[in-house]
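Some notes on the structure that comes next.
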Amino acid sequence: MSETKEWTDNYVLTFLQILYERVKNHPNNSPSFNDADWTKIANEMKALVGISYGVERLKSKYHRLRGSYRQFTELINHTGVTWDVGQVPTLPPPWVRPCFS
């Protein structure tokens, strides 16, 4: 496998599955990770996808994904906004858009 460090959909899914398992198996179901956790996550990613992203890049990806999820959730929870799996991207009604600019 090449050493390209692009994030394919499959790599993102793998990363999310690793994070999910760590949170699920944590005694408090905590989504916070310490340095040792991030090192293990980085090693697991390398073993599964064959690419060494490094701890800092994985942390950055985690924070970007988390931010996107929060924005999406906020948008979906806003009155008048619906989500249709067949429509990509999801667009809010024009009167809602200024609330998220």
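The values are calculated or read from the model by the stated rules, or taken from the named source; none is laboratory data. From a predicted model like this one, the values you see are computed outputs, not experimental measurements. Note that each Cβ is placed from the backbone with ideal geometry, even for glycine, and that neighbours are counted across all protein chains shown. The accessibility values were calculated without ligands, DNA or RNA, using every heavy atom of the protein model including side chains. Shrake-Rupley method; radii C 1.70, N 1.55, O 1.52, S 1.80 Å.
Quick look at the numbers
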item	result
Any chance LEU16 is aliphatic (A, V, I, L, M), under 12 Å from the mean Cα position of the chain (by Cα) and open to solvent by 30 Å² or more (accessible area, probe 1.4 Å)	yes
Cβ-Cβ under 9 Å pairs, at least 6 apart or on other chains, segment 42-54 side closer than 12 Å to TYR11 by Cβ and touching a residue at least 40 places away in the same chain (Cβ under 8 Å), far side among the small types (Gly, Ala, Ser) and open to solvent by 30 Å² or more (accessible area, probe 1.4 Å)	GLY50/SER2; ILE51/SER2
Output for segment 25-38, where each listed residue is in a helix (DSSP H, G or I) and within 23 Å of GLY67 (Cβ to Cβ)	ASP35, ASP37, TRP38
Failed item, numbered, when CYS99 is tested on (1) part of a helix (DSSP H, G or I); (2) at pLDDT 75 or above	(2)
Residues satisfying the stated conditions in segment 22-60, i.e. open to solvent by less than 30 Å² (accessible area, probe 1.4 Å) and under 13 Å from the mean Cα position of the chain (by Cα)	LEU58
